[in-house]
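Asker: Let me begin by handing over the structure; questions about it come next.
The values are calculated or read from the model by the stated rules, or taken from the named source; none is laboratory data. Everything numeric here is computed off the predicted structure, so don't read it as measured data. Backbone-built Cβ (ideal geometry, glycine too); neighbour counts: all protein chains shown. Calculation scope for accessible area: heavy atoms of the full protein, side chains included, ligands and nucleic acids excluded. Shrake-Rupley method; radii C 1.70, N 1.55, O 1.52, S 1.80 Å.
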Amino acid sequence: QLTSDSSCLKCHTSVQEERAESPHQAVRCMHCHGNGHEHMAAALIAADSPDHPIPPAGEWDGDFHTKMDLFKTQDRATCLSCHTSVVGMPESFRSIDVAQHLAEQGAENVNARNVCFECHSGHSPGI
């Protein structure tokens, strides 16, 4: 069962505003954060019982087939799953030659998991 963005954005309105003009508006929340079923079930209970805890997102385990309910990822693997330049990618898609891009941008540690987030935000990555 997949979670729709509208479910997430009922509470996370600032994310909706941030993504409004972003190229990432087409990327679903679950692509980078998981399904969040337990998180949303707790949020629904908390709407009526404000003392009810809502489990926070954990750090992504790095597994694209993860069983984690909700996670936050600032891992280059997530970004590069779409943005690595490959044969057949439409020219209009924002893909990069990873080594060249990181060298041009002066990345501090090109192998760091969060290297993309030195310059970009996940919700509104900018150009």
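Asker: Applying the selection to the stretch 94-121, what residues are closer than 26 Å to residue 20 by Cα and of a type in the set (Asp, Glu)?
Answerer: Selection gives 118 alone.
Asker: Let me ask you something else. Would you tally the residues in the stretch 83-127 being in a helix (DSSP H, G or I) and either among the acidic types (Asp, Glu) or loosely packed, with under 14 Cβ neighbours inside 10 Å (or both)?
Answerer: Residues in the stretch 83-127 being in a helix (DSSP H, G or I) and either among the acidic types (Asp, Glu) or loosely packed, with under 14 Cβ neighbours inside 10 Å (or both): 5 in total.
Asker: A further question on this structure: Could you please give the count of residues in the stretch 2-17 that are exposed (fewer than 13 other Cβ atoms within 10 Å of the Cβ) and either in a loop (DSSP other than H, G, I, E, B) or in contact with a strand residue (DSSP E or B) (Cβ under 8 Å, 6 or more places away or on another chain) (or both)?
Answerer: Of the residues in the stretch 2-17, 2 are exposed (fewer than 13 other Cβ atoms within 10 Å of the Cβ) and either in a loop (DSSP other than H, G, I, E, B) or in contact with a strand residue (DSSP E or B) (Cβ under 8 Å, 6 or more places away or on another chain) (or both).
Asker: Test each condition in (1) closer than 21 Å to residue 1 by Cβ; (2) surrounded by fewer than 13 Cβ atoms within 10 Å (Cβ to Cβ); (3) among the hydrophobic types (A, V, I, L, M, F, W, C) for residue 20 and report the one that comes out false.
Answerer: Going through the list (1) closer than 21 Å to residue 1 by Cβ; (2) surrounded by fewer than 13 Cβ atoms within 10 Å (Cβ to Cβ); (3) among the hydrophobic types (A, V, I, L, M, F, W, C), residue 20 breaks only (1).
Asker: Only one of these conditions is not met by residue 38: (1) in contact (Cβ under 8 Å) with a residue 24 or more places away in the chain; (2) assigned to a helix (DSSP H, G or I); (3) open to solvent by 50 Å² or more (accessible area, probe 1.4 Å); (4) in contact with a helix residue (DSSP H, G or I) (Cβ under 9 Å, 6 or more places away or on another chain). Which number is it?
Answerer: (4) is the only condition that residue 38 fails.
Asker: Quick one: is residue 66 within 21 Å of residue 19 (Cβ to Cβ), among the hydroxyl-bearing types (Ser, Thr, Tyr), open to solvent by less than 40 Å² (accessible area, probe 1.4 Å) and modelled with pLDDT of 85 or more?
Answerer: For residue 66, the condition - within 21 Å of residue 19 (Cβ to Cβ), among the hydroxyl-bearing types (Ser, Thr, Tyr), open to solvent by less than 40 Å² (accessible area, probe 1.4 Å) and modelled with pLDDT of 85 or more - is not met.
Asker: Let me ask another. Condition check: within 27 Å of residue 2 (Cα to Cα), in contact with a strand residue (DSSP E or B) (Cβ under 8 Å, 6 or more places away or on another chain) and either exposed (fewer than 14 other Cβ atoms within 10 Å of the Cβ) or not β-branched (Val, Ile, Thr) (or both). Does residue 75 satisfy that?
Answerer: The answer is no for residue 75.
Asker: Give the residues of the stretch 43-59 that are in a loop (DSSP other than H, G, I, E, B) and open to solvent by 80 Å² or more (accessible area, probe 1.4 Å), sorted by residue number.
Answerer: Of everything in the stretch 43-59, those that are in a loop (DSSP other than H, G, I, E, B) and open to solvent by 80 Å² or more (accessible area, probe 1.4 Å) turn out to be 50, 51, 53, 56.
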